[in-house]
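The values are calculated or read from the model by the stated rules, or taken from the named source; none is laboratory data. All values derive from a computational prediction rather than experimental measurement. Here the Cβ is made from the backbone with ideal geometry for all residues, glycine too, and neighbour counts use every protein chain on show. Accessible surface areas use protein heavy atoms only, side chains included; no ligands, DNA or RNA. Shrake-Rupley method; radii C 1.70, N 1.55, O 1.52, S 1.80 Å.
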Amino acid sequence: MTNSNTPKILILPGDGIGPEIVDEAVKVLECLRGNGLLVEVEHGLIGGAAYDETRSPFPEQTIAQAESCDAILLGAVGGPQYDEVERHLRPEQGLLDIRAHLNLFANLRPALLYAELASASSLKPELVANLDLLIVRELTGGIYFGQPREQLIENNVRRAYNTMVYDENEISRIAHVAFLAAQKRDKRLCSVDKANVLEVSLLWREVMEEVHQQYPDVELSHMYVDNAAMQLVRAPKQFDVMVTSNLFGDILSDAAAMLTGSIGMLPSASLNQENKGMYEPIHGSAPDIAGQGIANPLATILSLAMLLRYSLNQEMAAQNIEQAVIATLQQGARTQDIVDGNIQAVSTSDMGNAVLVNLQKIISV
Ligand code: NAD
């Protein structure tokens, strides 16, 4: 039974492997609904799939659905068949448009490495086994959007500049997201900046300290970005939550993702001020394996867990999904991207079904 207060999840499968991996996450969601989770579920179009039907990668109907839902689960967008489409109509533009439309300013990127998969990392297994860190990146401000920005010719010399700029409100809202996330984890937050060189980082640090007053249970530390990059590859398990600006976060979150060595395993969230969020795997639409039923659905299933935790406040359901994924890996199920040695890889739907069986067991205990 649903009513107008029932939270609504919008499912946007997208392109390539998107529909295949999202199908598995939807099975998991349906299992939770069958066990009492009250949510409404709606499906919509984005990216190339939306362009094919409506000639827009983010059509009016999807805009209306995105505005009226509480959270979005997205697969991936893009594909080589859209390479000749005008830039503003390409699938990837649909993704940029929905992020901008919903003002998704906070990007949460966990880097999780289950002990069972430690050999997939480029670092020594003991440095990364059970790695569990979260990078909170500011997504709509900083040097990527700062004005003025220009490339010009002065006295016959080509010159270009960008502006790194944040105001205190932009810093404080991302700080709140990071402190709240830390409160749900190990309560340690490391703010990354370049305060020894940049005025904007000095303000960043000041505001982080001010917001910290409201979260006395969270331990706050500061680190320069060059040191943070070094520490991430030296001893990544020292971190719980890291918060940083758009540019620094872009670089550090990709480095952290690579520590885990398995792109098919990593979820992400992008949140706005109302905690509405879009949740998606960090990988793309993988056209090279689309339609073969071999993609790893775990990043999408783990994105659903983040959705339940951050937008629907369903911590128990989120943990149940995560436990089911761990149990599945412990039993040895591996899709081809994480397979090690001579084990036979399982299909996308076999992996989803294995998670489902474990989830049922966990729920019924
Ligand atoms: P990609 O992440 O799609 O694929 C990179 C490699 O990882 C490929 O070999 C792919 O087979 C593999 N891979 C990715 N996800 C996997 C999974 N779940 N299971 C197993 N293997 C997986 O990156 P790409 O090839 O650079 O981009 C392909 C398309 O995706 C492009 O059109 C790009 O624009 C788009 N893209 C979309 C997003 C998004 O929707 N958020 C992000 C990145 C790229």
Nearest 500 deg cm²/dmol is fine: what mean residue ellipticity at 222 nm does the chain get from its DSSP H runs of n ≥ 4 alone, each adding -39,500 (n - 2.57), divided by its residue count? -13000 deg cm²/dmol
What full-extension length gain, to one decimal in nm, is calculated for residue 132 and residue 353 as 0.36 nm per residue of separation minus the Cα-Cα distance? 77.1 nm
What nm distance separates the two modelled labels at residue 186 and residue 160, each placed 7 Å from Cα along Cα→Cβ? 3.9
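Using a Förster distance of 51 Å, how high is the FRET efficiency between residue 167 and residue 342, based on the Cβ-Cβ distance and rounded to 0.05?
Here the calculated transfer efficiency is 0.35.
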Under the classification rounded if a/c is under 1.5, otherwise prolate if a/b is larger than b/c and oblate if not, where does the chain fall, given a ≥ b ≥ c as square roots of the Cα gyration tensor eigenvalues? rounded
So the carbon and sulfur contribution to the accessible area of the stretch 214-365, 1.4 Å probe, in percent, is 52
Considering only C-alpha atoms, what is the centroid distance from the stretch 314-344 to the stretch 184-212, in Å? 35
Rg over Rh of the stretch 111-262, using C-alpha atoms and the Kirkwood radius, what does it come to? 1.04
Using a Gaussian network model on the chain with a 10 Å cutoff between Cα atoms, which of 104, 247, 131 fluctuates the most? 247
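Rolling a 1.4 angstrom probe over the protein heavy atoms, how many square angstrom per residue are accessible across the chain?
45
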Percent antiparallel among DSSP beta bridges confined to the stretch 111-262, nearest 5, equals 40
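Taking every DSSP beta bridge with both residues inside the chain, roughly what % is antiparallel (nearest 5)?
Bridges in the chain are about 45 percent antiparallel.
What's the local net charge at residue 280, with K and R +1, D and E -1, over the other residues with C-beta under 13 Å away? Intermediate values should be presented prior to the final figure.
Working: positive: 99, 109; negative: 15, 92.
In short, 0.
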